[in-house]
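In what follows, a single structure is set out as structure tokens and then discussed.
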Amino acid sequence: MPRGGVLPLLHKRTMRFVIIQDHLRMGGTERQSIFLADSLRKAGHEAHLLLFRPGGALWNDILGHEIPHRVLQSVDTRICFLAPGIMQALEEMSPDAILCMGRTANCYAGWIQRHFPNIGVIATLRTGKLIQPLHHWSLGQVRAVLVNSNWWKRRMLERGFSEDKIRLIHNPVMLRHGLEHRNEWRAEMRTKTGAGEHTKVFLVLASLRPGKRHMELLDSFVRYASETRDDWQLWIVGTGKELPRCRRFVEANGLQKRVLFFGQQAQTGPYYAGADFAVSASREDSLPNFLIEAQAMGLPLIAVECRGVCECCIPERTGIIVPPDRPALFAEALQRAANDPLLQTLTMKEAPAFVAEKFGAEKQAALSVAFLEEIAKATRSRATKAAAQADASDRCAI
């Protein structure tokens with residue numbers, strides 16, 4: 001029998017998928033892994049998560065969705081790259097297709113494809129960070145590569161990858177609740193934060209790590225504060241190692257009443273509802289979930305141009321895109337947006353429909369399931385041919 005144990009399942013429509021993720025931290029890729037596993041199960045397939053580390057901010061989500069999962073580390077070593085017994089685990093799980101999510105899992109993708117040559121292994125490119133050498137090598141080894149932005153598709157084609165190997169499927173918008181709760185949430189958040197009717201509230205929702213450029217963002221707001229008489233607040237949702245540095249910067253510039261820190265939040269809807277604009281200075285995103293979700297809630301964007309950021313909005317109608325490393329220009333964009341009621345009106349009218357059409361969860365789920373089924377069917381076809389060849393060889397020997 002070929003590796004993967006697919007022969008006993010050939011007569012069944014149900015397929016078995018394994019999605020590999022190192023750890024269930026609170027991030028867009030991790031949420032996407034859970035979303036895909038749930039979508040595959042709703043389509044009538046078996047979907048399992050294979051995790052390197054136990055726990056994480058989204059651990060209860062997989063328990064709540066009752067998604068089958070297996071963890072390779074018996075205790076959390078806090079080492080993301082450690083995946084003991086991964087090949088044996090995959091052998092026992094017998095998948096028709098394997099999807100690697102996140103940079104760490106993708107560094108293993110090439111080795112997994114070589115170990116299981118008859119199984120379709122899919123690598124992913126969903127990050128704006130520099131690609132690690134093992135990740136890049138894996139892209140050339142696997143059966144297919146799933147990208148979430150046109151920017152990455154163009155880059156792969158420029159680097160000589162075959163277009164047949166690349167599949168573009170955008171991130172789905174995964175807000176648990178939307179505009180139906182906006183007025184209630186908005187009143188609650190504005191009261192909680194002391195934001196008045198005319199206060200301009202800007203929101204950034206991202207992990208506080210260097211690549212997200214919160215310090216650059218704060219520098220732009222210092223410039224904005226010196227040039228405007230607007231009543232404004234900046235809400236920072238998230239946590240990370242840059243948080244202490246950001247707090248010190250805010251205190252040093254006397255902005256404690258303007259810049260509010262909320263930490264990590266599982267329910268983000270109220271923050272979108274309470275804000276007026278979404279802002280991002282990040283330089284490490286491929287297609288930021290934050291900006292997509294903000295558009296779904298009718299927020300105009302002011303964002304630094306990076307990878308697929310321009311694909312998140314309708315430039316100059318629902319968002320302002322600023323060149324990188326230009327904090328003065330970003331400050332000007334903040335002032336322009338704050339004093340442009342037409343931008344806010346257009347965004348509230350056009351952005352939710354734009355997001356629903358381009359990033360709607362049902363549409364993206366259907367595209368993802370169809371793509372994964374395609375790879376799995378090819379695996380079963382290879383298994384059928386291998387079995388036929390083995391049978392023919394046995395008859396010849398007789």
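In table form, for the structure just shown:
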| read-out | value |
| --- | --- |
| Exclusive hit being touching a residue at least 24 places away in the same chain (Cβ under 8 Å), farther than 23 Å from Val237 by Cβ and not assigned by TED's automatic domain parsing to the domain that holds Leu130, set Ala338, Ala328 | Ala328 |
| Subset of region 48-106 that is of a type outside the set (Lys, Arg) and on the phi > 0 side of the Ramachandran plot - its residue that is surrounded by the most Cβ atoms within 10 Å (Cβ to Cβ) | Gly102 |
| Residue list for region 288-324, filter: β-branched (Val, Ile, Thr) and either touching a strand residue (DSSP E or B) at 6+ places or on another chain (Cβ under 8 Å) or farther than 18 Å from Gly27 by Cα (or both) | Ile302, Val304, Val309, Ile314, Thr318, Ile320, Ile321, Val322 |
| Counted residues, region 257-269 - those being loosely packed, with under 11 Cβ neighbours inside 10 Å and closer than 28 Å to Thr228 by Cα | 2 |
| Near pairs, Cβ below 8 angstrom, 6+ apart or cross-chain, from region 266-284 (in contact (Cβ under 8 Å) with a residue 40 or more places away in the chain) to any residue that is part of a strand (DSSP E or B) and among the charged types (D, E, K, R) | Asp276/Lys200; Phe277/Lys200 |
| Selection from region 147-180 of residues that are without any contact (Cβ under 8 Å) to a residue 60 or more places away in the chain, assigned to a loop (DSSP other than H, G, I, E, B) and within 20 Å of Leu372 (Cβ to Cβ) | Phe161, Ser162 |
| Criterion: modelled with pLDDT of 95 or more and over 22 Å from Arg209 (Cα atoms) - qualifying residue of Ala275, Ala303 | Ala275 |
| Residue selected from region 182-215 under the condition under 24 Å from the mean Cα position of the chain (by Cα) and part of a helix (DSSP H, G or I), by the criterion farthest from Gly240 (Cα to Cα) | Arg182 |
| Test: His135 is within 19 Å of the chain's Cα centre (by Cα) and not in a helix (DSSP H, G or I) | no |
| Residue under evaluation Phe249, criteria (1) assigned by TED's automatic domain parsing to the domain that holds Ala365; (2) assigned to a helix (DSSP H, G or I); (3) not β-branched (Val, Ile, Thr), criterion not met | (1) |
| Residue in region 363-370 that is of a type outside the set (A, V, I, L, M) and in a loop (DSSP other than H, G, I, E, B) present | no |
| Some residue of region 270-291 being crowded, with 20+ Cβ neighbours inside 10 Å, assigned to a helix (DSSP H, G or I) and touching a Pro at 6+ places or on another chain (Cβ under 7 Å) | no |
| Top-ranked residue in region 347-396 [being polar (S, T, N, Q) and modelled with pLDDT of 90 or more; ranked as surrounded by the most Cβ atoms within 10 Å (Cβ to Cβ)] | Thr347 |
| Any hit, region 7-28, residues being surrounded by fewer than 20 Cβ atoms within 10 Å (Cβ to Cβ), among the charged types (D, E, K, R) and modelled with pLDDT under 85 | yes |
| Unmet requirement for Arg223, which otherwise passes all of (1) out of contact with any helix residue (DSSP H, G or I) (no Cβ under 7 Å at 6 or more places or on another chain); (2) under 21 Å from Glu332 (Cα atoms); (3) charged (D, E, K, R) | (1) |
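The values are calculated or read from the model by the stated rules, or taken from the named source; none is laboratory data. Remember, predicted model here, so these are calculated numbers, not experimental data. Heads up, the Cβs are rebuilt from the backbone with ideal geometry, glycines too, and the neighbour counts pull from every protein chain shown.
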